[in-house]
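Below you'll find the structure, written out as structure tokens, and then a few comments.
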Amino acid sequence: MDKDAVAGLIRDFEDRPLPALVRRELEPGRMPPGKALTVIGPRRAGKTYFLFDLMTRLGVPRKEMLYINLEDDRFLPAKAADIDLVLSTYYQMHPEMTDRTMHLFLDEVQAVDGWELFVRRVLDSGRAQVYLTGSSSRLLSREVATSMRGRAATRVVLPFSFGEFLSARGFTPGRHLSTKERSWLVKHLDDFVRTGGFPEVVLDSDPLSRLRTLRDYVEVVLMRDMVERHRIRETKALRVLFASMLASYAKEFSIHKLYQFFRSQGIRAGKSSLYEMVQHLEDAFSVIPVRRLGGSIRESEGTLPKMYIIDAGYIAQSGRADSTSLGRLMENAVAVELFRRGSADPLARIHYWKNAAGREVDFVVSRSGSVRELVQVCLRTEDAGTDRREVEALLAAGSALRCKALRIITWDHEEKKRVEDRAVEYIPLWKWLLRR
């Protein structure tokens, strides 16, 4: 790429208005000097638009910012020397920025071999604040920490939260809802828990188009994030594995049982390969494994995980989100939201709890080993037997874990009551999702 073409790219960015976007709830936070902000998350969750959101929040003149999409076909195959050329051209166009701090945005940075050395050199110069995004499967948080030697702060961008979903639909709920507004909110909650929050899908009003888009997303995750990067040869086993996870979301998932099924069906895949595939799916932000709370980390890691899916759209495109699955979809939505809230806190953990009597609590929320909250998800609390079972499990876990924060997330029932001298809060899912 020659210097004139590079200058044209820079002018294009400076002259082009930033796109209309939904303001994300994720805050970038204060950036320590000498560190890059690295944005990771699932494919198509809105990482690039999060960069545009950051540009808007900065409130500085456009000439103080430089954005480079390294998957632009004019760069391919991209090299670190290309970024050097862009940066040197930028300073020639804006010599007044030589002694001032500029903001450098590198989108899809994994496309450049040796990007880490370039970014560290820019940070060492003290002349730029650097922001990075990358494919979820190629820019894992642990890999960033290693390659950047502690000089990166990571933020996770997930598909829209319910609040962002409502904003995209043009609705901002107030503190006091009318009957009509509450009815409207619950209607859109049903859509959210069934079809998820991928921005492109949320903004598409055509149901068939949504499903086609979601199937394309799944195909990209399986074939690019999994098969191409990790050189997986057992593609049939991978597809059946992911389909099995979509079929059994919010339930305990046994690799051993799946392996036995594969053997009975003549599907070739070793058990260790299946475990590796699950880890790769987790790394690509496709699934969230939640393990049972044990007395130690080793004990918890040895339990069967419940598998949750990062976005309900993946479940929808598989045909698993039927009219009878609303309770499980609610539980999946709660798991994703807990994961979202904990992603910025390295000390936060979520587990499920089960005792010898078979009583079970859906989520144990803890920090630094201290249990902060116990959460049940229940669609129909008006059924006395169901309600009693959920409450008894909460009380048992509360006693065992010495936790007083007992919560039942419902579809639209709200109440606070005392049971055996302990407070239990019933809160509608929509209200809990909108809490900040």
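The values are calculated or read from the model by the stated rules, or taken from the named source; none is laboratory data. None of the values given here were measured: they were computed from a predicted structure. When we count neighbours, we look across all protein chains shown, and the Cβ atoms used for this are built from the backbone with ideal geometry, even at glycine.
Any residue at all in the range 321-330 that is touching a strand residue (DSSP E or B) at 6+ places or on another chain (Cβ under 9 Å), surrounded by fewer than 21 Cβ atoms within 10 Å (Cβ to Cβ), within 21 Å of L281 (Cβ to Cβ) and not aliphatic (A, V, I, L, M)? Step through it out loud before you land on a result.
So in the range 321-330, the residues touching a strand residue (DSSP E or B) at 6+ places or on another chain (Cβ under 9 Å) come out as 327-328, 330.
Among the residues that remain, those that are also surrounded by fewer than 21 Cβ atoms within 10 Å (Cβ to Cβ) are: 327-328.
Next cut, within 21 Å of L281 (Cβ to Cβ) only: 328.
Those left that are additionally not aliphatic (A, V, I, L, M): 328.
Among the residues of the range 321-330, at least one is touching a strand residue (DSSP E or B) at 6+ places or on another chain (Cβ under 9 Å), surrounded by fewer than 21 Cβ atoms within 10 Å (Cβ to Cβ), within 21 Å of L281 (Cβ to Cβ) and not aliphatic (A, V, I, L, M), which makes the answer yes.
Within the range 260-275, does at least one residue satisfy the condition of being assigned to a loop (DSSP other than H, G, I, E, B), among the aliphatic types (A, V, I, L, M) and over 22 Å from Y352 (Cβ atoms)? Yes, the range 260-275 contains a residue that is assigned to a loop (DSSP other than H, G, I, E, B), among the aliphatic types (A, V, I, L, M) and over 22 Å from Y352 (Cβ atoms). If the condition is being assigned to a loop (DSSP other than H, G, I, E, B) and at pLDDT below 90, then the range 285-297 contributes G294, G295, S296. Only a single item in (1) of a type in the set (S, T, N, Q); (2) at pLDDT below 85; (3) surrounded by 15 or more Cβ atoms within 10 Å (Cβ to Cβ) is not met by T172, and it is number (3).
Of G302, G369, G327, all but one fail to be out of contact with any Cys (no Cβ under 7 Å at 6 or more places or on another chain) and closer than 30 Å to R24 by Cβ; the exception is G327.
Which one is modelled with the lowest pLDDT, of the residues in the range 298-320 that are assigned to a loop (DSSP other than H, G, I, E, B) and loosely packed, with under 15 Cβ neighbours inside 10 Å? Among those that are assigned to a loop (DSSP other than H, G, I, E, B) and loosely packed, with under 15 Cβ neighbours inside 10 Å, it is G302.
Out of all the residues in the range 194-245, which are of a type in the set (K, R) and under 14 Å from Y314 (Cα atoms)?
At the first step, the residues of the range 194-245 found to be of a type in the set (K, R) are 194, 210, 212, 215, 224, 229, 231, 233, 236, 239.
Passing the criteria: R194, R210, R212, R215, R239.
Test L117 against the stated conditions and say whether it is modelled with pLDDT under 90, over 25 Å from I232 (Cβ atoms), assigned to a helix (DSSP H, G or I) and under 31 Å from the mean Cα position of the chain (by Cα).
Working: modelled with pLDDT under 90: yes; over 25 Å from I232 (Cβ atoms): yes; assigned to a helix (DSSP H, G or I): yes; under 31 Å from the mean Cα position of the chain (by Cα): yes.
Yes; evaluated as a whole, the condition is true for this residue.
If you check A243 against the conditions, is it crowded, with 20+ Cβ neighbours inside 10 Å, in contact (Cβ under 8 Å) with a residue 40 or more places away in the chain, small (G, A, S) and over 30 Å from L37 (Cβ atoms)? The answer is no for A243. Summed over the range 249-259, residues that are farther than 21 Å from V227 by Cβ and either more than 27 Å from the chain's Cα centre (by Cα) or part of a helix (DSSP H, G or I) (or both) total 2.
Listed by first and then second residue, the pairs with beta-carbon distance under 6 Å, at least 6 apart or on different chains, first residue in the range 15-40 and touching a residue at least 24 places away in the same chain (Cβ under 8 Å) and farther than 22 Å from G163 by Cα, second of a type in the set (S, T, Y) and surrounded by 15 or more Cβ atoms within 10 Å (Cβ to Cβ), are L37/Y131; T38/T154. One residue is enough: does the range 132-142 have a residue meeting the conditions at pLDDT 90 or above and basic (K, R)? Taking every residue of the range 132-142 in turn, none turns out to be at pLDDT 90 or above and basic (K, R).
Apart from one condition, L58 fits all of (1) buried (at least 16 other Cβ atoms within 10 Å of the Cβ); (2) closer than 22 Å to V156 by Cα; the exception is (1).
Output yes when any residue across the range 338-345 is of a type outside the set (S, T, Y), part of a loop (DSSP other than H, G, I, E, B), farther than 17 Å from Y426 by Cα and under 22 Å from the mean Cα position of the chain (by Cα), and no when none is. Yes; the residues of the range 338-345 include at least one that is of a type outside the set (S, T, Y), part of a loop (DSSP other than H, G, I, E, B), farther than 17 Å from Y426 by Cα and under 22 Å from the mean Cα position of the chain (by Cα). Can you find even one residue in the range 250-261 that is surrounded by 18 or more Cβ atoms within 10 Å (Cβ to Cβ) and in contact (Cβ under 8 Å) with a residue 60 or more places away in the chain? Yes, that holds for at least one residue. The residues on offer are V201, V186, and the sole one that is assigned to a helix (DSSP H, G or I), more than 30 Å from R100 (Cβ to Cβ) and modelled with pLDDT of 95 or more is V201. Looking across the range 411-436, the residues that are among the aliphatic types (A, V, I, L, M) and part of a strand (DSSP E or B) come down to V419, A423, V424, I427.
Scanning the range 153-163 for residues that are surrounded by fewer than 21 Cβ atoms within 10 Å (Cβ to Cβ) and in contact with a Lys or Arg (Cβ under 6 Å, 6 or more places away or on another chain) yields one hit, A153. When you scan the range 403-410, do you find a residue that is outside any strand (DSSP E or B) and in contact (Cβ under 8 Å) with a residue 40 or more places away in the chain, even just one? Scanning the range 403-410, I find no residue that is outside any strand (DSSP E or B) and in contact (Cβ under 8 Å) with a residue 40 or more places away in the chain, so the answer is no.
For the range 227-240, the candidate set comprises residues that are free of Cβ contacts under 8 Å to residues at least 40 places away in the same chain and part of a helix (DSSP H, G or I); within that set, the residue that is surrounded by the most Cβ atoms within 10 Å (Cβ to Cβ) is L238.
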